[in-house]
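Notes to accompany the following structure.
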Amino acid sequence: MGKIFNLLESLELTSKNTAEIFSESTRDVENLRVFKDSVSDIIFIDDFFVGDDVYIEGQYREEEATAQSASIEDIADNKRRASDFFNLYKNKIICDFGCGQGTFLTNTINETKKSIGIEVQDNYLQELNKNNIDCYRDIANLDDHSIDSCFLFHVLEHFEDPIHHLDSIKTKLVEGGKVVIEVPHARDLLIKNLKIQEFIDFTLWSQHLILHTRESLEKFLSAAGYKNIKIYGVQRFSIANHLQWATNKIPGGHRGELAYIEEPELVMAYQETLNRIDATDTLIAIANK
């Protein structure tokens, strides 16, 4: 077995007896096995990495945005993050690790003491520096003990060696500094409960090496030496989106005719229910150095 399996086995999140084949391919790569642990529910791809050049060139991001009309989701995500994490960036020195185009940084920069991006994609890195946001390819460029809060929005699941990156981030945080991690959830209602195969085929992606559970996130952070770990679920995609998957087996319900049902009270109640039954599409972890 490969690096990911060995890491998960060392954290008691999988074993040769409990790792089962979940899919024989991902949406972008045929003949690529995806595993699901029958006990921990963690979903993972072992011994596969697309390569650094893919992330440096960033063509996949353009294709993803075109295919999924991501701007609506991006706007909603940025609004939620700016609200939920206000106390973690207000008058703080912050780092957005894997910042992409830097939308979180630009949306919050007027409230921070200093904003820094870490991004390997060349054109994004250059554009952010041109717009007076310090952006680096490697977090090693930052001084130790210099960051109050570090954010990773849908980044951790891409790493071959996530514990190494969590360790590197910890050295850059001030004492008591915070790391905030947002990842896809392996126990998503459409995967674990409803088992909608079309959604599973749509979701599994060769770049997502690990789909986490609350327990796996806690074990990863604990292994990297973080403390006061808090984990909770949020629902990025709405009840209209779920109805579209359940009835028509395709995405986009939140952007179509079904969206008319989404009164704020219903949206909030649905998210609270999914969080309570541990079936949200996304997990958030906040931890201290």
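The values are calculated or read from the model by the stated rules, or taken from the named source; none is laboratory data. Just so we're clear, the structure is a prediction, and the values are computed from it rather than from any experiment. With ideal geometry, Cβ positions are generated from the backbone for all residues, glycine too; neighbour counts draw on all protein chains shown.
A few remarks follow.
- Residue within the range 253-268 that is touching a His at 6+ places or on another chain (Cβ under 9 Å) and at pLDDT 90 or above present: no
- Residue match in the range 187-205 (condition: assigned to a helix (DSSP H, G or I) and within 14 Å of the chain's Cα centre (by Cα)): yes
- Restricting attention to the range 267-289 and to residues that are hydroxyl-bearing (Ser, Thr, Tyr) and not in a loop (DSSP other than H, G, I, E, B), the residue that is surrounded by the most Cβ atoms within 10 Å (Cβ to Cβ) turns out to be Thr282.
- Residue match in the range 252-266 (condition: exposed (fewer than 14 other Cβ atoms within 10 Å of the Cβ), under 25 Å from His208 (Cα atoms) and not charged (D, E, K, R)): no
- Among the residues making up the range 143-155, those that are surrounded by 15 or more Cβ atoms within 10 Å (Cβ to Cβ) and either part of a loop (DSSP other than H, G, I, E, B) or at pLDDT below 95 (or both) are Ser146, His154, Val155.
- The set of residues from the range 172-186 being buried (at least 19 other Cβ atoms within 10 Å of the Cβ) and either among the acidic types (Asp, Glu) or not in a strand (DSSP E or B) (or both) comprises Lys172, Glu182, Ala186.
- Test set (1) touching an Asp or Glu at 6+ places or on another chain (Cβ under 7 Å); (2) within 23 Å of Ser23 (Cβ to Cβ); (3) surrounded by 15 or more Cβ atoms within 10 Å (Cβ to Cβ) - Gln244 fails condition number: (1)
- Listed here are the helices (runs of 4 or more DSSP H) enclosed by the range 1-73 that have at least 3 residues being modelled with pLDDT of 95 or more, exposed (fewer than 13 other Cβ atoms within 10 Å of the Cβ) and touching a Phe, Trp or Tyr at 6+ places or on another chain (Cβ under 6 Å), and there are none.
- Hits in the range 114-142 (condition: among the hydroxyl-bearing types (Ser, Thr, Tyr) and in a helix (DSSP H, G or I)): Tyr124
- Filtering the range 156-171 to residues that are crowded, with 17+ Cβ neighbours inside 10 Å and either out of contact with any helix residue (DSSP H, G or I) (no Cβ under 6 Å at 6 or more places or on another chain) or modelled with pLDDT under 95 (or both) leaves Glu157, His158, Phe159, His165, Leu166, Ile169, Lys170.
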